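Structure record follows, encoded as structure tokens.
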Amino acid sequence: MPLRKRQITYSQRPNHAARSAHARGDKMFRTYDTSYIRPKRSKVPAVIALVVALVVIAVAIFGIVTALRGCSSEPTLAEGQTVLVQVAEGSGASAIGEQLQEAGVVGSTQGFVDRVGEMNAASQLKPGTYEFTGGMSLDEVVNLLVAGPNVVPDGLTIPEGYTLAQIASAVEQKTEGRISAADFSAAASDASVYAGDYDFLSEVGTASLEGFLFPKTYEVADDATADSLIRQMLDQYKAEISTLDLSYPQSEGLSGYDMLKLASIVEKESSADAGIRAQVASVFYNRLATDGEPTYGMLQSDATTAYEVGHNPTAEDVATDGPYNTYTNTGLPPTPICSPSIGSLQAVCSPAETNYFFFYFTPDDSGQMQYYFTETYEEHMQTFS
């Protein structure tokens, strides 16, 4: 049976006419074009779509802003300014990085996280209160977080460059005599007592712990003893040297103990400026490596003699032979002469490349210390004129 072709009559006003036809019955309805008949659309889907679009745009903008913030390469904390940052227990590198970026200490959260990973320090970051200074390098920031909090309320502060005798006095003062300077000095007089727990003391023998009691602020418990405080300081020293690359001093024939001796001299003979420290370190390396002129392997450091005589050395002191007189003895002194900062340790591990054998420092009219480095003795003498 042949199919019947449906006839459709198109209306110029289909909506009104078709709906009228539909009301009168299906027969008439079939003769009208119903393609224009559509149900009235609800506005709800359009509103939802608009809301979704706005949310997507907002998320995209947030992501862009966050990415731009994360890609900032420069810290915003001004050189010399300080800021306190409280790192909560259990904070990971990412959370700490966000805090540091917000505080202006680092320029990029991701950059901080990446550097922590490169230094294998993710599991070593410690909680607590930190004081950061504008101008710190990324490595210095990470190293500080590995070392532990540098702000301890009412703590025992050991300044950089303190001798064992000075540290003992500070302990006595902090504990109000409960731990006397004499008792602390006695406990720190023989490194072999602690060598079984600290490998870096293996070559020290029965010498004192001079140099190993790391300068930092420590919390002193009510039941603290000389032994417990010494172990805190040795733990800190261990944490600090773990961040150092010892390949250069080792290539120059220096042991870990020798490195510490040289760093203690650099601490006493230089400023806090990293560049100055690196140049001072290079001078002493050059002197150690030269058997002949101009220094014949002698360090010629006033600081070593001062350590022995207990005051700034006179011409007579320098001319008098003694184990710490580096004008009359070649090589390094028997022990370190103080507890050096991490900056001095870093300078000995990465000295400047120079041909300097001499340096002279003196304060200028403003009191700022000025350093003058020279290669020859003749040039050195001209700096005094």
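Here, each number is a calculation from the coordinates, and none is a lab measurement. Computed from a prediction, not measured in an experiment: that's the story for all the values here. FYI the Cβ positions are ideal-geometry reconstructions off the backbone, even for glycines, and counts take in every protein chain you see.
The label-point distance for S192 and D302, in a model that sets each label 7 Å from Cα toward Cβ, rounds to 3.8 nm. Computed from phi, the 3J(HN,Hα) profile of segment 355-369 under the Karplus parametrisation 6.51, -1.76, 1.60 (θ = phi - 60°) reads 10, 6, 10, 9, 8, 9, 9, 7, x, 8, 4, 8, x, 6, 6 Hz, with x in place of Gly and Pro. For the pair S208 and A165, label points projected 7 Å from Cα toward Cβ lie 0.8 nm apart. Note on E219 and E353: the model spin-label points, each 7 Å out from Cα along the C-beta direction, lie 4.6 nm apart.
Computed on segment 261-382, with alpha-carbon pairs under 8 angstrom and 6+ residues apart, the relative contact order is 31 percent.
In sequence order, segment 74-83 has phi-based couplings of 10, x, 9, 6, 5, 3, x, 6, 10, 8 Hz under the Karplus curve 6.51 cos²θ - 1.76 cosθ + 1.60, θ = phi - 60°, and Gly or Pro positions carry x. Applying 1/(1 + (r/R0)^6) with r as the Cβ-Cβ distance of M119 and D235 and R0 = 25 angstrom yields a FRET efficiency of 0.85. Could you tally the net charge around E269, taking each other residue with its Cβ under 11 Å from the Cβ of E269, Lys/Arg +1 and Asp/Glu -1? Net of charged neighbours comes to 0. Please list, in chain and number order, the residues 5+ apart from S271 or on another chain whose amide H is under 5 Å from its amide H, with Hs placed from the backbone. Counting only residues 5 or more places away or on other chains, the set is R277. Close amide H pairs (under 5 Å, H built 1.01 Å from N) link M369 with D364, residues at least 5 positions away or on another chain. Annotation for segment 117-176: GluC sites (Glu not before Pro) lying in DSSP loop with at most 13 further Cβ atoms inside 10 Å of their Cβ are E176.
Here's the picture: charge each Lys and Arg Cβ at +1 and each Asp and Glu Cβ at -1 in segment 82-178, and of N120, N150, V83 the one pushed furthest to the positive end of that dipole is N150. Peptide packing for 177-184, 347-354 was compared via the average number of neighbouring C-beta atoms within 10 Å per residue; ordered from the highest value, the list is 347-354, 177-184. The length gained by stretching the chain between T129 and T362 to full extension, at 0.36 nm per residue less their Cα-Cα distance, is 80.2 nm. Report note on the peptides 334-342, 107-115, 299-307, 197-205: ranked by the mean count of other C-beta atoms within 10 Å, highest first, their order is 334-342, 299-307, 107-115, 197-205. Taken one residue at a time, the phi angles of segment 129-134 give Karplus couplings (6.51, -1.76, 1.60, θ = phi - 60°) of 9, 10, 10, 9, 10, x Hz. Gly and Pro are set to x.
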